[in-house]
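Reading through the structure tokens given below for one structure.
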Amino acid sequence: MNLGSLFTPVQVGRAGEDVALQIEAAIMDEKIKPGEGLPSERELQVQFQTGRGVIREAMRALKQKGLVEIRKGAKGGAYVKQIDVANVSESLALLLKQQHVGLADISEFRESIDRTITVLAIARADATEKQQLVAAVEKLSECLEQTEPDMVRLGEIDRELNIRLAKMTGNPIFEWIMQALQLGFSSQDYALYGDPNYRLKTVKNWAETARHIAADEPLRALTSTGAHYAMLQRCVEEARSRREAAELTS
């Protein structure tokens, strides 16, 4: 691949940043596609008319952004990565935790997103997709009917349902955001499945929501969505009260 014409020599001062930005622009414009390798370190030095240290600085920046990966061996070098939702999810989770974003803020955001997703799913998804959602919810009920419910599996099904519903909007951005939220920071929905008093109520709520979506009843579906987050808030507050009471008596 001849990439020489893509890049221009950089100026001393912010050379590393300039190199990284030029390569990033080439990747975003798909002049270099995922899976393709960048020129060798020596070739990049010639094209950018700069030193090895600058090129390595740029590679570190691109790697940190998740745009390239460094492979070793006979076919080693820098290769363009396919941007992964999991990486975005991990970064989002770290950001929320580092900024000490509370449950109330996360739940408020999730509820607002879920309400929009629900309305769009009803308007845009076809009858088959809606019935598939109802069938997928039945897996939650089946899992709950076991003598000892598999908590990990319950969480997995719940995540799959949220992502499926987001996909039904026909807007890939909703799907990506939901994947990032589910993989990184799921607004403590797991608390509902961990509490025996709320586990069954949560599954019933999912079933009601899915039926209302399949029946093209947006107002009832939105009521079910609101009930879910009200239930989550009660569940978390009760758990917090129990912890505080236990600390006082210990």
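The range 212-231 and the range 158-173 have their alpha-carbon centroids 16 Å apart.
For the range 1-129, the C-alpha radius of gyration sits at 1.46 times the compact-globule guess of 2.2 N^0.38 Å, with N the residue count.
Do any of 72/167; 97/167; 81/139; 63/97; 65/130 go past 32 Å between their Cα atoms, and which? Long pairs (Cα-Cα over 32 Å): 72/167; 81/139; 65/130. Calculated [222 nm] ellipticity per residue, helices only, for the chain: -23000 deg cm²/dmol; basis is -39500 (n - 2.57) per DSSP H run with n ≥ 4, divided by all residues, nearest 500. Any chance you could check the Cα centroid distance between the range 105-124 and the range 13-33 for me, in angstrom? One Cα centre to the other: 36 Å. Placing unit charges on the Cβ atoms of the charged side chains and taking the dipole of the range 4-80 about its Cα centre, the candidate lying farthest along the positive direction among 23, 13, 76 is 76. Normalising the Debye intensity of the range 4-80 to I(0), with uniform scatterers on Cα atoms only, and taking log10 at q = 0.26, 0.28 Å⁻¹ returns -1.41, -1.61.
Given the range 138-250, what whole percent of its Cα pairs are spread farther than 20 Å? Result for the distance tail: 48 percent.
Ranked by the mean number of other Cβ atoms within 10 Å per residue, highest first, peptides 59-67, 98-106 order as 59-67, 98-106.
What is the local net charge at residue 58, summed over the other residues whose Cβ is closer than 13 Å to its Cβ (Lys, Arg +1; Asp, Glu -1)? Every neighbour counted, the sum reads +1.
Computed from the coordinates by the stated procedures, all read-outs in this text should not be read as laboratory data. All values reported here derive from a predicted model rather than from experimental measurement. With ideal geometry, Cβ positions are generated from the backbone for all residues, glycine too; neighbour counts draw on all protein chains shown.
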